[in-house]
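The values are calculated or read from the model by the stated rules, or taken from the named source; none is laboratory data. All figures in this text were calculated on a predicted structure; none of them were measured in a lab. FYI the Cβ positions are ideal-geometry reconstructions off the backbone, even for glycines, and counts take in every protein chain you see. With ligands, DNA and RNA removed, areas are computed over all heavy atoms of the protein, side chains included. Shrake-Rupley method; radii C 1.70, N 1.55, O 1.52, S 1.80 Å.
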Amino acid sequence: MAAAAVWRHDQDMTTSVTAARRPLSIVDFGSLLFLGAVWGAAFLFLRIAAPEVGPAWAAEIRLAIGAAVLLAVAGPTTLRLVRGRAATFLIVGALFSAVPFTLIAVATVTLPAGFAALLNAATPLFTAVIAVGFMGQKISARVAAGLAVGVVAVIVLVGWSPLEPGATTILAVAAGLGAPLSYAVAGNFARARLADVAPLELATGMVSAGALVALPVALLSGAPGTLALDGAVSLLAVGVLSTAVAWPIFFRVLRRTTPTAASTATFIVPAFAIAWGSLILAEPVGIGLLVGFGLILVSLVLVLGIMPPVRLPWTARATAAARGATG
C-alpha cells in the first residue's frame, strides 16, 4: 500500500508522458484519497482475515482474487506482454506483491492495523537507502535527517507500544518492516525492466505473478483455517478493492502527475488505517501511535523533498525591493 513512495526516484519509469505532466487535478486528488482509504483498509481486512485463515493463505487468496478480476479485464493484452519476460514479471510479482502481502498479513496477526500501516510507511526510507547504497546516489543533509527521524519513529512506535514485549512482537515488527523493504527493492527493479508497460497491464502481470509465487508458500504453511463471514468478506474486499482496483489507479495517477504527487498516498494510508482500526475494531489510539505518526510524517516530508520553500515576510519584501531596484 505505501508502495507509492517507491516511485519517488523513478522518473525514468515514466515515458514520454513525463513531458506533459499536469498539476494534480480534482480527479487525481480524489484517486489518491481513494487509494489511501482502500490501502489503509487493507490492514484492517488482513487484521480480521489473517488470524482466521492464516497469514500465508490470506495473502494468497487476496492475490488470487485480485488476479482473477484483473485477468478478466486485461488478460489477453497482459499475456502478450509477458511473453519473453516471464521471469521479470515473476520477480516483480514476488517483490511487489507476494512477499510484502504475506509479510503484512503476518504482521497484522499481532500488530494493530494502524501500527502495521505506520511501519509500512517506511517504504521511501528504504528506497532512499537503496538508492544511496546500491545505485550510487549521494545523500543530502535533508534526506539524512529524514532517515534519522524515521529510525526514531520506529523506536518510538515499538518502545511506546502497549504490546507485550517478546519474540512474537519482534517478529511481527520485523515482518512489518520487511514489506516496505520489499517494495523498495521492487520499485528499483521495475524501473529498470518494465518501463514500457501500461498501468493496467503492469498491475495485472504483477498481481497474477504474485499469486503464482505465493501459492507454494501457502501450501507449505498447511491447510487454511476456517473462515467466518467477517473473514470472507474481508478477503473479498482486500482482493477486489485494495488490490485489483487500487493498483491500476495508482499507476494511472503516477503517469498523469508526478512521482512526488503519487507518493503522497504514503501520508494518507496510515491515517486511514488508524481510523479504520479505531472505528471498526476499537483499537486504541494512544500517545505513542500519534507521536510515531507525527515523526513518520516529518521523516517522509524530508526524504521525499515535498515541503515547499519557506518564504518569510521580510525576505519577500527584500526580494520585491531588489526587483524594483533593478527594474
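Tell me, please, whether a residue that is of a type in the set (F, W, Y), open to solvent by 20 Å² or more (accessible area, probe 1.4 Å) and assigned to a helix (DSSP H, G or I) can be found in region 243-256. Checking region 243-256: not a single residue is of a type in the set (F, W, Y), open to solvent by 20 Å² or more (accessible area, probe 1.4 Å) and assigned to a helix (DSSP H, G or I). Looking only at residues of region 30-89 that are of a type in the set (S, T, Y) and closer than 18 Å to V213 by Cβ, we find that the one that is least open to solvent (accessible area, probe 1.4 Å) is T78. Restricting region 90-108 to residues that are open to solvent by less than 10 Å² (accessible area, probe 1.4 Å) and among the small types (G, A, S) leaves a set whose member that is farthest from F43 (Cα to Cα) is G93. Of all residues in region 265-289, those being over 26 Å from V129 (Cβ atoms), surrounded by fewer than 20 Cβ atoms within 10 Å (Cβ to Cβ) and among the hydrophobic types (A, V, I, L, M, F, W, C) number 7. Checked against (1) in a helix (DSSP H, G or I); (2) over 28 Å from L79 (Cβ atoms); (3) modelled with pLDDT under 95; (4) not polar (S, T, N, Q), L202 meets all criteria but (2). Candidates L103, L70, L118, L111: the one that is touching a Ser or Thr at 6+ places or on another chain (Cβ under 6 Å) and either at positive phi or touching a residue at least 60 places away in the same chain (Cβ under 8 Å) (or both) is L70. Within region 140-152, the set of residues being surrounded by 16 or more Cβ atoms within 10 Å (Cβ to Cβ) and modelled with pLDDT under 80 comprises V143, G146, L147, G150. When G225, G210, G231, G239 are screened for being farther than 20 Å from L70 by Cβ and surrounded by 20 or more Cβ atoms within 10 Å (Cβ to Cβ), only G231 passes.
For A121, state whether it is within 24 Å of P284 (Cα to Cα), open to solvent by less than 40 Å² (accessible area, probe 1.4 Å), within 16 Å of the chain's Cα centre (by Cα) and modelled with pLDDT under 85. Answer is yes for this residue. For A192, state whether it is under 24 Å from W57 (Cα atoms) and open to solvent by 30 Å² or more (accessible area, probe 1.4 Å). No. When region 162-181 is filtered for residues that are over 13 Å from V109 (Cα atoms), part of a helix (DSSP H, G or I) and touching a residue at least 60 places away in the same chain (Cβ under 8 Å), the ones remaining, listed by number, are G178, A179, P180.
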